[in-house]
Amino acid sequence: MAKGLSILYLIGDRGLDLTKGEGYKIHVLKIINGLKKKGHKVFLLNINENSSLPELENYLTVRHKYLRFFFHRIFPFTGTLNSINILLQIIKLHRFYQFDVIHERFGLYAYGGIMASKLLRIPHIIEINGPGIEEKKLFTKDIDPIQKFTAKRIRKLCLKTTNHIVAVSNNLKTFLINNHIIKNSDKITVLPNAADVEAFDKQFNVQSIKASLGLENKFIIAYTGTLQVWYAIDDLISAFPSVIKEIPNAYLLIIGEGQAREKLETLVNQREIADRVKFMGYVNHSKIPEIISIADVVVAPFKELGMTFFGSAIKVFEYLSAGKPIVATKIGQIAEVLKDQHTALLVTPGNIDELANAIIRLARDEQLRSYLAKNARIEAQKYSWDKYADQLENIYTTLLEDRR
């Protein structure tokens, strides 16, 4: 087993702002901290407008480079300039840190890490959390044809050239193979996201926390995560009047911030349930275990967006670790990790009645809640960040041994 490696964790995508409380930030911090716990030295290099990242120690941020005037229209993928800058920075950093491995989180147009790997003869792995290009039209807007052509060429080059790929889901691995981006399936390891199992399995003073929020004697249904359009939080809100009708003391906690908040608050008012729903806004991730501890049921609702679900929802693994009865959408990896009637109640995407009935069923059946909670805690042991780091370390070790 490799000991005391010097690892460069590279994020060449300017869209990942580590100063924000998004899920990807949790993912990055947990990986870095997990590797450091195992005795490795990790240096983060990323594209970021903010040069200060208070939650990290060893890092360097590189400002995004823009092309000026009409050149931005002709040559809009300025990630090319970022990649050259990243390459130069890696060469400089390597003189001091002598990196053993470059671990790169995949980003559109980013190839500086691959170039550095070849030039410095350092093993390179790509961690990929989605196809990137195909998802753009769902989450923002589709890429212009010339940009899309270039992005696909760079993606194929990077994924073919890297020494190994860590994909976040089986669906993503299948996509890479079926689209002839990768031919050898052995080059891809699937590592789902994980949770800090110990942090979520702690005992909290539930009654005191409820009292501080004015939620004594409430049956609490909770959602945690960013408020984005790909989460079916609107379905959860639309289902809630039916829940209240059957469970008079039901209360919905929505924990998180995001672009969809204003529309969701409008929907709550339209459904006339504002006195039964609380938007808590952004909560520091270290406080999430404490907040989840007061929930009687937790929900992971997702939408079908017209393409395969490639993601790996951190909230699902945290819900398992907290030992909570889960209601979740039967979609993608969620249906692989959660077993219906055993660790969760799974519902059809977009079916508001199913969602409401699942919550009502759990509210009425304490024995079922206990059964699901017990099984959730057992299942959670498979998905700790420590085990995730173990598997990464095994990949690094294999790559280094192959170089000898």
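The values are calculated or read from the model by the stated rules, or taken from the named source; none is laboratory data. Please read these numbers as outputs of a predicted model, since none were measured by experiment. Every residue, glycine among them, receives a Cβ derived from its backbone with ideal geometry; neighbour counts consider all protein chains shown. Note: areas computed on protein heavy atoms with side chains; ligands, DNA, RNA excluded. Shrake-Rupley method; radii C 1.70, N 1.55, O 1.52, S 1.80 Å.
Does residue 90 satisfy being in contact with a Lys or Arg (Cβ under 7 Å, 6 or more places away or on another chain) and either polar (S, T, N, Q) or not in a strand (DSSP E or B) (or both)? Answer is no for this residue.
For the stretch 308-319, state whether one or more residues are open to solvent by 60 Å² or more (accessible area, probe 1.4 Å) and closer than 20 Å to residue 385 by Cβ.
First, pick out the residues of the stretch 308-319 that are open to solvent by 60 Å² or more (accessible area, probe 1.4 Å): 308.
When the remaining residues are screened for being closer than 20 Å to residue 385 by Cβ, the result is none.
No, every residue in the stretch 308-319 fails to be open to solvent by 60 Å² or more (accessible area, probe 1.4 Å) and closer than 20 Å to residue 385 by Cβ.
Do you know which of the residues in the stretch 270-292 that are among the β-branched types (Val, Ile, Thr) and in a helix (DSSP H, G or I) is surrounded by the fewest Cβ atoms within 10 Å (Cβ to Cβ)?
Filtering first and then ranking leaves 291.
Among the residues of the stretch 218-250, those identified as more than 24 Å from residue 310 (Cα to Cα) and either among the charged types (D, E, K, R) or at pLDDT below 95 (or both) are 218, 245, 246.
Identification of helices (runs of 4 or more DSSP H) wholly contained in the stretch 120-206 with 2 or more residues that are open to solvent by less than 50 Å² (accessible area, probe 1.4 Å) and not small (Gly, Ala, Ser) yields 145-161, 170-178, 197-200.
For the stretch 259-269, the condition holds for no residue, the condition being that it is modelled with pLDDT of 95 or more, under 26 Å from residue 370 (Cβ atoms), open to solvent by 20 Å² or more (accessible area, probe 1.4 Å) and touching a strand residue (DSSP E or B) at 6+ places or on another chain (Cβ under 9 Å).
Does the stretch 12-43 hold any residues that are closer than 19 Å to residue 194 by Cβ, among the hydrophobic types (A, V, I, L, M, F, W, C) and not in a helix (DSSP H, G or I), and which are they? Outline the logic, then answer.
Step one: filter the stretch 12-43 for residues closer than 19 Å to residue 194 by Cβ, giving 16, 18, 21-38, 40, 42.
With among the hydrophobic types (A, V, I, L, M, F, W, C) added as a condition, the list becomes 16, 18, 26, 28-29, 31-32, 35, 42.
16, 18, 42 - these are the residues of the stretch 12-43 that are closer than 19 Å to residue 194 by Cβ, among the hydrophobic types (A, V, I, L, M, F, W, C) and not in a helix (DSSP H, G or I).
On the given criteria, is residue 370 surrounded by fewer than 18 Cβ atoms within 10 Å (Cβ to Cβ) and either under 24 Å from the mean Cα position of the chain (by Cα) or over 25 Å from residue 102 (Cβ atoms) (or both)? Explain how you work it out, then say what you get.
On the way: surrounded by fewer than 18 Cβ atoms within 10 Å (Cβ to Cβ): yes; either under 24 Å from the mean Cα position of the chain (by Cα) or over 25 Å from residue 102 (Cβ atoms) (or both): yes.
Yes; evaluated as a whole, the condition is true for this residue.
Conditions tested, residue by residue: (1) part of a helix (DSSP H, G or I); (2) under 30 Å from residue 124 (Cβ atoms); (3) of a type in the set (Ser, Thr, Tyr).
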residue	(1), (2), (3)
311	no, yes, no
355	yes, no, no
360	yes, no, no
397	yes, yes, yes
401	yes, yes, no
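Here residue 26 meets the list (1) closer than 21 Å to residue 285 by Cα; (2) buried (at least 22 other Cβ atoms within 10 Å of the Cβ); (3) modelled with pLDDT under 95 almost entirely, failing just condition (2).
Within the stretch 325-353, if we keep just the residues that are in contact (Cβ under 8 Å) with a residue 12 or more places away in the chain, under 24 Å from residue 192 (Cα atoms) and in a helix (DSSP H, G or I), the residue that is most open to solvent (accessible area, probe 1.4 Å) turns out to be 336. In the stretch 207-218, the residue that is surrounded by the fewest Cβ atoms within 10 Å (Cβ to Cβ) out of those that are part of a helix (DSSP H, G or I) and touching a residue at least 24 places away in the same chain (Cβ under 8 Å) is 209. With respect to the stated conditions, residue 250 fails to be small (Gly, Ala, Ser), without any contact (Cβ under 8 Å) to a residue 40 or more places away in the chain and open to solvent by less than 20 Å² (accessible area, probe 1.4 Å).
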